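Okay, structure first, notes after.
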Amino acid sequence: MKKLLLFIVFAFAFGVNVMAQNFFGGVILGGTTSQIGGDARGGYNKVGVVGGVFAGLNLAEDFDVQMELKYIQKGSYSADFENYPAYDPFLIKLDYADLPIVFSYNLNKINVNDINLSWLRFELGLSFDFLINYRQEILGVTVPASNPWNKVVLNTIVGFRVNVKDNLEIGLRAVDSMTSICQSFKEPYSNGNVVYTRRLFGRYGMFNDVLQLALFWKI
């Protein structure tokens, strides 16, 4: 935990230093809805919050890179009593310090039906999540995780931002983990409550899938 706090302080100091050099920066505030691939339940039913700061640099005309430091809530929630009468309601709550690096491109050179898309920006990036808190509940009772949660997770980011007014944008992102949020296995795994899936490296595990809607306010 001490190493994580030192890392967060360093990243924040870096962001402040970047903004001091006349690069753009600001504040992020919004919400999330999420699910976990591999928990045998579907649906973006877990609601959470996201908030933090960002600092960025204009690399070329219409092309920016942006670094962020955020607190973000992820996880899974299910109340599928019919299919899981012995396990639901089922809750996994995972809180992370999130460090994304995002490249964005303004679409002002594109016109659709004579409408210029200068108000629209496409995003693509990667992020690292650092676990700071977690809780798992089955039938409303807090239980220990049968497979300890990984402290660091790699994610991909795809999204777009819409310019609402000067210095204010609203963005929608799909943030999906590529490495397992718990111990992974070479072979399929199921314990009756979860059925692991696989992604990067072909290993079986559990993976965060998040939709993030947030405001980006440049200051």
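Just so it is clear, none of the values below were taken in a lab; they were calculated from the coordinates. Please read these numbers as outputs of a predicted model, since none were measured by experiment. When we count neighbours, we look across all protein chains shown, and the Cβ atoms used for this are built from the backbone with ideal geometry, even at glycine.
Structure summary
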item: Separation of the Lys186 and Thr156 label points, Cα + 7 Å toward Cβ, nm; result: 2.5 nm
item: Unit charges on C-beta of K, R, D, E only; dipole of region 2-218, Debye; result: 500 debye
item: Helix-only mean residue ellipticity at 222 nm for the chain, each DSSP H run of n ≥ 4 adding -39500 (n - 2.57), per residue, nearest 500; result: -3000 deg cm²/dmol
item: Cut-off 15 Å between beta-carbons: net charge of the residues surrounding Thr179, Lys and Arg +1, Asp and Glu -1; result: +2
item: Debye-sum result for the chain in log10 I(q)/I(0), which assumes one identical scatterer on each alpha carbon, at q = 0.11, 0.12, 0.16 Å⁻¹; result: -0.59, -0.69, -1.07
item: Difference of contour (0.36 nm per residue) and Cα-Cα distance, Leu139 to Glu61; result: 22.7 nm
item: Spherically averaged projected area in nm², based on the convex hull that wraps the Cα atoms of region 101-219; result: 11.0 nm²
item: Pairwise centroid distance, computed over Cα atoms, of region 74-100 with region 203-219, Å; result: 16 Å
item: Degrees between helix 2-20 axis and first principal axis of the chain (Cα, 0 to 90, nearest 10); result: 20 degrees
item: Shape of region 73-134, Cα gyration tensor, a/c cut at 1.5; result: oblate
item: ³J(HN,Hα) computed for each position of region 70-81 - Karplus, 6.51 cos²θ - 1.76 cosθ + 1.60, integer Hz, glycine/proline x; result: 9, 9, 9, 9, 10, x, 8, 9, 9, 10, 8, 5
item: Amide H contacts under 5 Å for Ile181, placed H, 5+ residues apart; result: Met206, Phe207, Asn208
